[in-house]
Amino acid sequence: TQYKIAVVVGSLRRDSLNRKLATAIAKLAPPTFSFHQVEIGDLPLYNQDDDGNQAPAVKRLKAEISGSQGLLFVTAEYNRSMPGVLKNAIDHASRPYGHNAWAGKPAGVIGISVGSLGTAMAQQHLRNVLAYLDVPTLGQPEAFVQAKADLFTASGDAGDGIKAFLQGWMDKYVAWVTRLAV
Ligand code: FNR
């Protein structure tokens, strides 16, 4: 079986550490897994008035989620929560009511920040939202990564200081998705 994973990066920044983390960790998965970072930067601000006529970018996002067997959220932390761009994307694909694209897709949550708590608060808020959206989310191991030099190599791989930890996380994630994918 092949597993397609929709990766949602909670940062639009050009040199986003979270995008680098998403790229590096994807390389640690077995060949039966493929990872695709979905675009959320061109989504309009969510407006319930548009539920009956969703923008093309919203339809594209929903199709990418629906066509995947699993989800990977790699999020920054803004002011002790998830960035608005991520929440906006989550809200879009959860609607219209009764057509929640996220439902039932097994997920993992990780993140990196410059702060010592390593996105812990953002991830906890995100888990709360995912629980409501009926997304079964890997509980352990948790991955709260603090930015340091040499976390990533020039070729975008995980550096020696973090590679074993990320591999351990990925192994659990792969088992989780394999068990729960429908
Ligand atoms: C931050 N940052 C931050 N870091 C953190 O650990 N906890 C926090 O609550 C916040 N709050 C916050 C708010 C806003 C508006 C910005 C712009 C930044 C710092 C953050 O970790 C840093 O900018 C990371 O580089 C963001 O991730 P990306 O964009 O590199 O993926």
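The values are calculated or read from the model by the stated rules, or taken from the named source; none is laboratory data. Keep in mind the model is a prediction, meaning the values are calculated, not measured. Neighbour counts run over all protein chains shown; Cβ positions are idealised from the backbone, glycine included.
Worth pointing out:
- The residue of segment 121-143 that is farthest from the ligand (Cβ to nearest atom), among those that are in a loop (DSSP other than H, G, I, E, B) and within 16 Å of Ala103 (Cβ to Cβ), is Asp134.
- Among the residues making up segment 76-124, a single one is of a type in the set (Asp, Glu) and either in contact with a Pro (Cβ under 7 Å, 6 or more places away or on another chain) or surrounded by fewer than 23 Cβ atoms within 10 Å (Cβ to Cβ) (or both): Asp91.
- The set of residues from segment 64-81 being of a type outside the set (Val, Ile, Thr), within 16 Å of the ligand (Cβ to nearest atom) and within 11 Å of the chain's Cα centre (by Cα) comprises Leu72, Phe73, Ala76.
- No other residue among Ala131, Ala120 is without any contact (Cβ under 8 Å) to a residue 12 or more places away in the chain and out of contact with any Cys (no Cβ under 9 Å at 6 or more places or on another chain) apart from Ala131.
- In segment 12-50, the residues that are more than 23 Å from Ala63 (Cβ to Cβ), within 16 Å of the ligand (Cβ to nearest atom) and either assigned to a helix (DSSP H, G or I) or in contact with a strand residue (DSSP E or B) (Cβ under 8 Å, 6 or more places away or on another chain) (or both): Ser16, Leu17, Asn18, Lys20, Leu21, Ala24, Ile25
- Meets criteria (over 25 Å from Phe152 (Cβ atoms) and among the hydroxyl-bearing types (Ser, Thr, Tyr)) for Ser66: yes
- Test: Gln48 is touching a Lys or Arg at 6+ places or on another chain (Cβ under 9 Å), crowded, with 17+ Cβ neighbours inside 10 Å, farther than 24 Å from Tyr3 by Cβ and free of Cβ contacts under 8 Å to residues at least 60 places away in the same chain: no
- Candidate set from segment 89-118 (those that are within 16 Å of the ligand (Cβ to nearest atom) and in contact with a Phe, Trp or Tyr (Cβ under 6 Å, 6 or more places away or on another chain)); member that is modelled with the highest pLDDT: Val109
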